[in-house]
1. Name every residue in the stretch 147-163 that is touching a strand residue (DSSP E or B) at 6+ places or on another chain (Cβ under 9 Å), outside any helix (DSSP H, G or I) and either of a type in the set (Ser, Thr, Tyr) or surrounded by fewer than 20 Cβ atoms within 10 Å (Cβ to Cβ) (or both), in order of residue number.
2. Among the residues of the stretch 80-99 satisfying the criterion of being of a type in the set (A, V, I, L, M, F, W, C) and open to solvent by less than 30 Å² (accessible area, probe 1.4 Å), which is nearest to Cys121 (Cα to Cα)?
3. Tell me, which residue of the stretch 124-146 that is part of a loop (DSSP other than H, G, I, E, B) and open to solvent by less than 10 Å² (accessible area, probe 1.4 Å) is farthest from Ile23 (Cα to Cα)?
4. I need a count of the residues in the stretch 167-191 that are open to solvent by 20 Å² or more (accessible area, probe 1.4 Å) and either touching a His at 6+ places or on another chain (Cβ under 7 Å) or β-branched (Val, Ile, Thr) (or both).
5. Any residue that is within 23 Å of Ala102 (Cβ to Cβ), assigned to a loop (DSSP other than H, G, I, E, B), open to solvent by less than 10 Å² (accessible area, probe 1.4 Å) and modelled with pLDDT of 95 or more - is there at least one of those in the stretch 20-39?
Amino acid sequence: METRIAKNYYERLTPDNAALLLIDHQVGLFTGVRDIATGELKHNVVALAGAARVLDVPIIMTATSPEMWGPIIPELAEALPGVSIINRTTVNAFDEPRFAKAVEATGRKKLVIAGVSTEVCLALPAIHATGMGYDAYGVIDASGTFSETKRVTGLMRMVQAGVIVIDYSTVAVEMLKDNASPKARDLYAALDMPFAGLVGQLAGAFAKDRGA
């Protein structure tokens, strides 16, 4: 068991071994988020989804009781045309058979997971997946919750269970692996990191100098 846990932490994410699970990024739930600015949360989850599409990583998206908590935020739905939303009533996404089958059908053992709220929509399926033998990665800055207490307790519970905590841009660049990749430009554009424009300007300037 200890050997497996250690391996989970150092084994790399790749576009061929990972799937992205986006759980309950719904309008109604966003209104209660307090541990991260909602604009930042929207940016991060949309960027994560865009990067996954650039890398051809399978994406599964869910909503819980949309008649209660509203639809998926429009920015995310627009970023993922053609990706079906699995509507469910269960608290833990894995308790919905269609979701569990969709995850299994990807054939991937590393599950990159983000959700609203952190301690429920993210933590419960991430812990469940870890218990099933998957390697679960909790994307903290593409998730949000309703108080700092909920955030801290959710993080602690995940770490205690062996979930790997990560952020949205690190997920993507780890899977990219090489900045010489033909997908690198599109990936960094999708990530839309605040400093990425400056990096691109510097790269362009150096390339121009070398050509002079």
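1. Gly162
2. Ala93
3. Once the filter is applied, the top-ranked residue is Thr145.
4. Going through the stretch 167-191 one residue at a time, the tally reaches 2.
5. For the stretch 20-39, residues within 23 Å of Ala102 (Cβ to Cβ), assigned to a loop (DSSP other than H, G, I, E, B), open to solvent by less than 10 Å² (accessible area, probe 1.4 Å) and modelled with pLDDT of 95 or more: present.
The values are calculated or read from the model by the stated rules, or taken from the named source; none is laboratory data. Since this is a predicted model, take the numbers as computed values, not measurements. In this analysis, Cβ positions are derived from the backbone assuming ideal geometry, glycine residues included, and neighbour counts consider all displayed protein chains. The protein model used for the area step is the full one, side chains on, heavy atoms only, and it has no ligands, DNA or RNA in it. Shrake-Rupley method; radii C 1.70, N 1.55, O 1.52, S 1.80 Å.
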